[in-house]
Amino acid sequence: MNEPVRPARPHHKLTEDGRRMREVLSYSRRGSRFTPSQQEAWDAHSADWVIPDEVVDESGFRLADWFGREAPLIVEIGPGVGEATGALAATRPQVNVLALEVWRPGVAASLAEVAAAGAENVRFCSVDAAWMIEHVVGPGELVGLWTFFPDPWPKKKHHKRRLVDARFAALAASRLAVGAEWRLATDWADYADQMRAVLGAEPLLAGGPVPRWEERPVTKFERKGVEVGREIHDFAYHRV
């Protein structure tokens, strides 16, 4: 019998003597209350398009089973309310898109966006993205990775919580197929500097700053950043 992998949800991780293990995470879980429209979308689509957190701990868990097919895989980390998710996935019906978002109202809003776009090739999960990529996605399995506007953790003391660091860059690069692309965007200049430095130093990646990706819709979040004077930084790296 296969042994289950270590639990995916940080609040289930314990030390050897049974104490809760504290971890540095790249996110914080916000409120879970739905608006009426989010509740409607959740009721209509969650059973088909949301992978429950607890099932990823089960022996024999396979992403393909939840998509109902074997297909190339793209992962999006932090889709927010899904404005980009639905639009990008709808133009790529030949791939499976796994959207990892810990904010449940965001998942509910994303379900509505995906449904409106007719993108039935998207599945959502609220498990930690770094854990999911390490333990569920195999080496070379990703044909794409999207990381748009990850939490900037702007206070210097919180920079250690940023997703894009050297360790995650090495992990993500190992999961990309040769030639597969990692697209990123941020509206925080110092996070852009960190992305450029970290990804530029990863030997499995090549690329750098690029003009704004025209395929990526301008989201409400992006517009807010522009309105307060922040420049949008886009990056594209590929696996060598």
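The values are calculated or read from the model by the stated rules, or taken from the named source; none is laboratory data. Keep in mind it's a predicted model, so treat the numbers as computed, not measured. Backbone-built Cβ (ideal geometry, glycine too); neighbour counts: all protein chains shown. The area values use the complete protein model at the heavy-atom level, side chains included, leaving out ligands, DNA and RNA. Shrake-Rupley method; radii C 1.70, N 1.55, O 1.52, S 1.80 Å.
So which residues in the range 214-232 are outside any helix (DSSP H, G or I) and either touching a Ser or Thr at 6+ places or on another chain (Cβ under 8 Å) or free of Cβ contacts under 8 Å to residues at least 60 places away in the same chain (or both), if there are any at all?
Start the filter on the range 214-232 by keeping residues that are outside any helix (DSSP H, G or I), which leaves 214-219, 228-232.
Hits for the range 214-232 are 214, 215, 218, 228, 229, 230, 231, 232.
For the range 137-152, how many residues meet the condition of being open to solvent by less than 20 Å² (accessible area, probe 1.4 Å) and outside any loop (DSSP other than H, G, I, E, B)?
Selection size over the range 137-152: 6.
Among residues belonging to the range 155-170 that are in contact (Cβ under 8 Å) with a residue 24 or more places away in the chain and exposed (fewer than 15 other Cβ atoms within 10 Å of the Cβ), point out the one that is nearest to residue 205 (Cα to Cα).
Here the residue is 166.
Working only within the range 114-125, note down all residues that are buried (at least 23 other Cβ atoms within 10 Å of the Cβ) and either among the polar types (S, T, N, Q) or in a helix (DSSP H, G or I) (or both).
114
Filter the range 53-74 down to the residues that are touching a helix residue (DSSP H, G or I) at 6+ places or on another chain (Cβ under 9 Å) and part of a loop (DSSP other than H, G, I, E, B) and list them by number.
Hits for the range 53-74 are 61, 70, 71.
How many of the residues making up the range 75-97 are surrounded by 24 or more Cβ atoms within 10 Å (Cβ to Cβ) and part of a strand (DSSP E or B)?
Residues flagged as surrounded by 24 or more Cβ atoms within 10 Å (Cβ to Cβ) and part of a strand (DSSP E or B) within the range 75-97 amount to 4.
Output the residues belonging to the range 15-63 that are at pLDDT below 60, open to solvent by 50 Å² or more (accessible area, probe 1.4 Å) and aliphatic (A, V, I, L, M).
The answer is 21, 24.
Can you report the number of residues in the range 153-171 which are outside any helix (DSSP H, G or I) and at pLDDT below 95? Spell out the reasoning first.
As a first pass, look at the range 153-171 and keep what is outside any helix (DSSP H, G or I): 153-155, 162-165.
Filter again for at pLDDT below 95, leaving 153-155.
The number of residues fulfilling the criteria is 3.
Can you tell me which residue is surrounded by the most Cβ atoms within 10 Å (Cβ to Cβ) among those in the range 181-205 that are out of contact with any helix residue (DSSP H, G or I) (no Cβ under 9 Å at 6 or more places or on another chain) and not in a helix (DSSP H, G or I)?
Selected residue: 183.
Take the residues in the range 64-74 that are open to solvent by 40 Å² or more (accessible area, probe 1.4 Å) and not charged (D, E, K, R); name whichever of them is nearest to residue 106 (Cα to Cα).
Result: 66.
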